[in-house]
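Quick notes on the structure that follows.
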Amino acid sequence: MGPGRAADGATVLELHGELDILAVSVLSARLDELTGAQGADLVLDLRAVAFIDCAGLSLLSRARCRTRQRGGRLRLAGVTDGGSVGRLLRMTGLTGHFELVPDGAPGPAGDGAGAAGGADIAVA
């Protein structure tokens, strides 16, 4: 299934499971494809990510850099203080380096477009 579209026109990619070295090997090419377009607007919905390690964080950082280099935008949805992604971003001091979509905002979380319209990619 391909990525969905949020209300604001962004491409939404919904990830599930563990974002570790095995998942990164599967997701790298797909994220490179999505972040390779000029001016891409990408939202990674991480609400259902149960675990993330340094390889997963590296994947997110690479996607952010590739998107910005091409004049695009990368946002992370579903990042909470108590969740695994939020904890890792906080521990590494990278929280401020990513644009976070607040819960209840239009788009992935607020209007249902992310859950229903996003790509359902399991990374377990």
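The values are calculated or read from the model by the stated rules, or taken from the named source; none is laboratory data. Since this is a predicted model, take the numbers as computed values, not measurements. Every residue, glycine as well, gets a Cβ built from its backbone with ideal geometry; the counts of neighbours run over all protein chains shown. When the accessible area is computed, the model is the full protein with side chains, heavy atoms only, and any ligands, DNA or RNA have been set aside. Shrake-Rupley method; radii C 1.70, N 1.55, O 1.52, S 1.80 Å.
The protection proxy used here, the mean number of other Cβ atoms lying within 10 Å of each residue, ranks peptides 46-59, 21-34 as follows, highest first: 46-59, 21-34.
For the range 35-108, what class follows from the C-alpha gyration tensor (a ≥ b ≥ c being the square roots of its eigenvalues): rounded when a/c is under 1.5, otherwise prolate if a/b is larger than b/c, else oblate? Oblate, because a/c is 1.5 or more while a/b does not exceed b/c.
Taking amide H as placed 1.01 Å from N in the peptide plane, the amide H of I52 sits under 5 Å from that of L19, each at least 5 places away or on another chain. For T95, neighbours were defined as the other residues whose beta-carbon sits under 14 Å from its Cβ, and their charges (Lys and Arg +1, Asp and Glu -1) total +2.
Give me the 1.4 Å probe accessible area per residue for the range 1-88, excluding ligands and nucleic acids, in Å².
Numbers: 3990 Å² over 88 residues.
With the other protein chains kept in place, the range 1-88 gives 45 Å² per residue.
Across the range 83-92, computed HN-Hα scalar couplings (Karplus, 6.51 cos²θ - 1.76 cosθ + 1.60, θ = phi - 60°) run x, 5, 5, x, 4, 5, 4, 5, 5, 8 Hz from first to last residue, x flagging Gly and Pro.
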